[in-house]
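The values are calculated or read from the model by the stated rules, or taken from the named source; none is laboratory data. Source: prediction; values computed, not measured. Cβ atoms come from the backbone with ideal geometry, glycine included; neighbour counts cover every protein chain shown. When the accessible area is computed, the model is the full protein with side chains, heavy atoms only, and any ligands, DNA or RNA have been set aside. Shrake-Rupley method; radii C 1.70, N 1.55, O 1.52, S 1.80 Å.
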Amino acid sequence: MKVISEDALKDFQQRIGYLREFIGFSSEDAEALHAAKPVVAPLVPVVVDAVYEKLLSFSVTAKAFVPRQTGYQGTAPTRLGDLSQEHPQIKFRKDFLARYLVKLVTMDYNDLSSWEYLDKVGLMHTGNAGFAHREKKPPLRVEYMHCAILLGYVEDILVNAVLTHPDLDDATKTAVLRAFNKIVWIQNDLFARHYIAEADALPSSTSLLSAPKSTLITAVSVGLLAVGVAFQLGLRFARS
């Protein structure tokens with residue numbers, strides 16, 4: 001048994017090391033993501049349009065795009081009814097998502113700064129600065145549940161695109177899908193860690209149902225991570 005202290009996981013580099021080792025994100029997974037660039041790159045505009053169509057279809061997510069966005073110099077919307085795929089501010093935000101998707105299939109995953117970028121993507125949505133250019137800008141706050149379910153939605157689009165791609169063999173599809181699954185779950189943690197306060201250790205007599213909300217959410221997140229790992233193991237056993 002490998003001993004890892006909870007205090008050690010407060011160190012970002014050790015946290016990334018633990019996440020990678022736990023879910024099994026290897027150099028082969030990084031290579032699979034890089035190899036997926038020719039598949040993902042042409043899909044980026046389609047994926048971005050689908051994501052923003054989804055975000056603008058619910059008032060609870062669309063409202064985040066009404067305030068002026070950091071770095072945007074044009075005319076900002078004043079109400080939900082102003083928002084559309086063609087609004088200049090929405091196009092501005094779509095460019096950020098497009099760059100993010102490209103980074104996933106081009107980043108050096110052996111470079112800690114790549115993981116720091118993914119961490120800042122999570123932090124910037126909490127209302128804190130995240131990136132240096134946001135330090136003196138109006139806060140961007142998107143609740144964690146919307147960030148988490150959006151990650152799932154993006155993964156679903158990519159899974160379908162890879163599975164239905166006519167030029168990929170089964171082995172390549174499996175490698176790419178497993179790599180995307182792992183990086184999405186790590187990205188999910190790099191969102192959650194900025195939203196969910198770590199609860200103090202509960203007394204042994206304390207029921208989980210009476211625990212603070214943050215503890216319950218953390219427990220659910222860990223449970224879902226376990227499901228993801230079990231799914232991967234199932235794929236591995238199915239191929240053996």
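The table that follows gives values for the structure above.
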quantity	calculated
Residue satisfying all of: in region 153-196; of a type in the set (Gly, Ala, Ser) and in contact (Cβ under 8 Å) with a residue 24 or more places away in the chain; farthest from ALA64 (Cα to Cα) among these	ALA175
Flag if TYR109 is more than 14 Å from the chain's Cα centre (by Cα), crowded, with 16+ Cβ neighbours inside 10 Å and not β-branched (Val, Ile, Thr)	yes
VAL39, sole failed condition from (1) within 18 Å of VAL121 (Cβ to Cβ); (2) surrounded by 15 or more Cβ atoms within 10 Å (Cβ to Cβ)	(1)
One residue from ASP95, ASP29, ASP82 being open to solvent by 70 Å² or more (accessible area, probe 1.4 Å) and either in contact with a Pro (Cβ under 7 Å, 6 or more places away or on another chain) or not aliphatic (A, V, I, L, M) (or both)	ASP95
Residue count for region 26-76, restricted to those that are assigned to a loop (DSSP other than H, G, I, E, B), polar (S, T, N, Q) and modelled with pLDDT of 85 or more	2
Test for ILE90: is it of a type in the set (A, V, I, L, M), part of a helix (DSSP H, G or I) and at pLDDT 95 or above	no
